[in-house]
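Structure first, commentary second.
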Amino acid sequence: MFSYRHSFHAGNHADVLKHSILVAVMKHLALKEVGFTAIDTHAGAGVYRLDGNDARQSGEAQEGLLALMRNKSKLAGPMADLLLDYRRVLDHFNPSGGLLNYPGSPFIAQHLLREQDKLKLFEMHPTDIRSLQTQVDALKAGRQVMVMHEDGFNGLPKFLPPPTRRGLVFIDPSYEIKLDYERVVVAVSIGLKRFATGTYVVWYPIIPRPQAHSLPRHLTNLARQADKPWLHATLRIRTGARDGVKAGESLKPIGLVDSGVIVINPPFTLYEQLQQALPQMVQLMGQDHLAGFQLTQG
Ligand SMILES: C[S@@+](CC[C@H](N)C(=O)[O-])C[C@H]1O[C@@H](n2cnc3c(N)ncnc32)[C@H](O)[C@@H]1O
């Protein structure tokens, strides 16, 4: 438990996928004057350094966000709006240019809050919660941003429904323990009962584990039962450890290559935005013939 540190993974392909969607959902919520509440059940440490030891050791940002930006001249046309909006948020955290600071989900969300909006952050890791709390304190945001050293699955229901009945629940566990998959489904099920009109964004890794395989089906079934629209986007950047492995050969430890996001009650514009952005993500971060995306809705 708690061996996962997001500092090794900040700015990787999965962050590009989930955070560009997070930006789009936040921007859509801000189109109406009435305030909203964003809840991040697994917040992480806050802002990360892409030139720090952890990021350099893993090299994940290099084949994620940094590849996306490095290769953008390969695009035949302009970059998709979803990616441009995401880049604008990142620029705010890098006022001197370049991409050295990477805002995790709490700071992406915080940056897009208006005065009337609220942010609730849960984090369990003893070191990451300290970093998160210190960085949030420095914002002097007062009661607008609440940081809790609590289990995000257990804590979520107490904020649902939010007072204005408008909001977003961002669920991004590390899936270190298999039970996380089941807990995501329970959290969304309780969430939809208490706050059926909320937008739920769930990230998950696409790995050879039955629980990971069935998670999208469970979540889209919940959406169907609640009669709510959903969207499912996946992004793969290359051949994985198991591809092409013959009997008797060992798996190469080459990290996560594929992940997905399910959005329940997505902004009506998100599908079209992803139709433009996902092929560009594949073109700019894809490394071989197995790179690709899927986009479905219901
Ligand atoms: C994938 S990381 C989060 C990254 C962050 N959402 C972002 O996008 O920048 C998952 C985080 O959840 C934390 N965590 C694990 N179990 C938790 C739980 N039950 N409740 C809250 N946080 C938890 C881990 O310590 C880790 O920092």
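Points worth noting:
- Counting residues in the stretch 112-125 that are buried (at least 17 other Cβ atoms within 10 Å of the Cβ), part of a helix (DSSP H, G or I) and either in contact with a helix residue (DSSP H, G or I) (Cβ under 9 Å, 6 or more places away or on another chain) or basic (Lys, Arg) (or both) gives zero.
- So residue 208, is it modelled with pLDDT of 95 or more, within 21 Å of the chain's Cα centre (by Cα) and more than 13 Å from residue 260 (Cα to Cα): no
- Within the stretch 1-13, residues that are under 13 Å from residue 67 (Cα atoms) and in contact (Cβ under 8 Å) with a residue 12 or more places away in the chain sit with their Cβ atoms under 9 Å from residues that are of a type in the set (D, E, K, R) and in a loop (DSSP other than H, G, I, E, B), at 6+ positions apart or across chains, in these pairs: 11/60; 12/60; 12/63; 13/60; 13/63.
- Pairs are defined by a Cβ separation below 6 Å, a sequence spacing of at least 6 or placement on different chains, a first member in the stretch 152-174 that is in contact (Cβ under 8 Å) with a residue 40 or more places away in the chain, and a second member that is near the ligand (Cβ under 9 Å from one of its atoms) and in a loop (DSSP other than H, G, I, E, B); the pairs so defined are 152/41; 152/42; 156/41; 171/41; 172/42; 173/42; 174/4.
- Boolean, residue 181 is touching a strand residue (DSSP E or B) at 6+ places or on another chain (Cβ under 7 Å), within 13 Å of the ligand (Cβ to nearest atom) and among the hydroxyl-bearing types (Ser, Thr, Tyr): no
- Failed condition for residue 45, given (1) away from the ligand (no atom under 13 Å from the Cβ); (2) under 23 Å from residue 120 (Cα atoms); (3) part of a loop (DSSP other than H, G, I, E, B): (1)
The values are calculated or read from the model by the stated rules, or taken from the named source; none is laboratory data. All values derive from a computational prediction rather than experimental measurement. Every residue, glycine as well, gets a Cβ built from its backbone with ideal geometry; the counts of neighbours run over all protein chains shown.
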